[in-house]
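Below you'll find the structure, written out as structure tokens, and then a few comments.
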Amino acid sequence: MDFFSILQNVSVLFFLIIVGYITGKTGIVSENGQKELSGLVLKVTMPATIILALQLDFTMERFITALKIMLIVFLSYVGMIVLSKLASNFYKVDDGQRDVIQVAKVLPNTSFMGYPVVLAILGREALFYAVLGAGLIFEIVAWTYGTYNIGRSTGKDFKDNLIKNILLSPGILSILIGFLLFILSIDIPEPIYTTMSILSQATSPLAMIVVGIILSRSDIVKCITSIRLYIISLFRILIFPLVIYLVLNVFQLTGMEIVIPVVMLSMPTAAYVAMFSTNLSNDANLASQIVFISSLLSIFTIPFIVLLVTR
């Protein structure tokens, strides 16, 4: 697949973000509607996509490859957290904003963009490894490191309900259900499978539209004129993925073991960062601006990253 073919696939997803942006800006979907639509994706269509992605025949090779990817992704997050903390010390911002920046650099948009991009460009087999190998680690890191870091400067965090938030998050629950079905080689019966398949087809467009609606609440002029936002975004979508790619190359990894970690960790900043910042009374405006700029730039960087790891 060449650069322009990949660009075309990514462009479709980005145009859906624009549709969402217009929808939010014109008031077609209110803030309450945004939350409800986001809930529909997170709790209904996304779980259907995740569970179906794991509906493949169990083989020990698939299982071992998924575990390897899981370990690689975990170690990659550890590296990104350390580098992000070091780099964020150079920003002249208050503690709360620095915490948001650190998390924004680390957390990629795994669910809303990662899964749709992998499915559209790399296919269902790759989506299996993206969900099981990268998705599970992302959810754990997001609900632990993400919530703690964003909430610590405001005196708010999810410590009391941390385990509950992790175990009961829609992403974790659906991955565990799908993994159990995979391990036990249980096929979802008809007509449930077809129903879930129809729901999963709505995930990509709805997820992109939700991202666009979230971005519509940001000050676009302030976003596109801020050099700092571009620097933060480039760490997330280009610098960190390239560092990970180079390190994995040193260890001579090939196939899905290098493709999935690099591609999934090259996604723009997760919408979770804006949601957590809102819930924990941190700078949600800054968070949403980073989401916007990183999403905008990713239309060019994602094709480059995908082409680099699949050549």
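Numerical summary
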item	result
Whole-Hz couplings from phi, Karplus 6.51/-1.76/1.60, listed for segment 207-222; x for Gly and Pro	4, 5, 5, 4, 4, x, 5, 4, 5, 5, 7, 8, 7, 5, 4, 5
Distance (nanometres) between label positions extended 7 Å along Cα→Cβ at residue 57 and residue 26	4.9 nm
Which label in [x] 125; [y] 158; [z] 134 gives the computed volume of the Cα convex hull per residue in Å³	[x]
Sorted by Cβ density within 10 Å, fewest first, the residues 99, 94	94, 99
Whole-Hz couplings from phi, Karplus 6.51/-1.76/1.60, listed for segment 60-72; x for Gly and Pro	5, 4, 4, 4, 5, 4, 4, 5, 4, 4, 4, 5, 4
Gain in span if fully extended, residue 168 to residue 91, counting 0.36 nm per residue against the direct Cα distance	24.2 nm
Charge dipole (segment 64-118, unit charges on Cβ, about Cα centre) - positive-most of 78, 66, 103	66
Segment 279-301 versus segment 88-140: alpha-carbon centroid distance in Å	12 Å
For the chain, built as a Gaussian network whose Cα springs stay under 10 Å, the top-fluctuating residue of 239, 150, 209	239
Helical contribution to [θ] at 222 nm, DSSP H n ≥ 4, -39,500 (n - 2.57), averaged over the chain, rounded to 500	-21500 deg cm²/dmol
Residue of 42, 86, 136 that the Gaussian network model of the chain assigns the largest fluctuation, springs spanning Cα pairs under 10 Å	86
Gaussian network model of the chain, springs between alpha carbon atoms under 10 Å - residue of 13, 127, 168 with greatest fluctuation	168
Filter on 68/105; 25/222; 35/105; 25/85; 43/105; 43/85 - keep pairs with C-alpha separation over 27 Å	25/85; 43/85
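Every number here is computed from the coordinates shown, using simple stated rules; none is lab data. Because the structure is a prediction, the values reported are computed rather than measured. Ideal geometry is used to build each Cβ from the backbone, glycine not excepted, and the neighbour counts take in all protein chains shown.
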